[in-house]
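Notes for the one structure printed next.
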Amino acid sequence: MEYVNSLVAAAAAAEDKNPLLPAMYDIVWSAIIFAIILFVIVKVALPKYNTLADERAMKLQEGLDATTKAHEESQKAESRIAAELTEAKAEAAKIRDQAVAQAEDIVARAQARAEQEAKRIIETAQRQIEAERVAAEQSLRAEVGGLATQLAEKIVGEQLKDEALSARVVDRFLDELDKQVAAV
């Protein structure tokens, strides 16, 4: 206590000396209040602030970790998508090649069928033409034979009654005609 009294006495003596300095009791009470406030801040407010700061730092770190993880997953997904895209392009090329091969096969089969059908139609037409030619030839032979018989009857002046003889004469005449046509 003597120390406080000496401080008060020194403060009173100092009052005369410097009007800018506060009184000693103001300094003492201000120091005590400052110490109490500092004690409350250190014991109550500072731990709460540290807790909040730690929680915030933890949340920030978790956010950074989540961002890093999301970025890594994004990179993996991008790589996977690129691989799938490459695979899809390869599969599309394979399907396109198969489609081209199938189209070429279909065209080749259609051409083969068309050629077979054309050959069949040509063969049928040739057979029909040959049949019609033979029929026309037979009809023409019969007609020419009848005309030749009539002509022979008119030239000879008698009717040829022997059918076998008439047929031989007509056949010989037609054979000679065929030889002349073949020679030309």
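Here, each number is a calculation from the coordinates, and none is a lab measurement. Just so you know, these numbers come straight off a predicted model, no measurement behind them. Here the Cβ is made from the backbone with ideal geometry for all residues, glycine too, and neighbour counts use every protein chain on show.
Things worth noting here:
- Student exercise, the stretch 23-176 dipole from Lys, Arg, Asp, Glu Cβ charges, in Debye to nearest 20: 980 debye
- Remark: the Y3-D175 segment gains 44.6 nm on full extension, using 0.36 nm per residue and subtracting the alpha carbon distance.
- The residues neighbouring A136, those whose beta-carbon lies less than 15 Å from its own, together hold a net charge of -2 under the Lys/Arg +1, Asp/Glu -1 convention.
- Cα extents of the stretch 19-71 along the three principal axes, largest first (Å): 67, 23, 6
- Based on alpha-carbon atoms, the Kirkwood radius and the radius of gyration of the stretch 23-176 give Rg/Rh equal to 2.06.
- Proximal charge balance of E84 [Cβ under 14 Å; K/R count +1, D/E count -1]: 0
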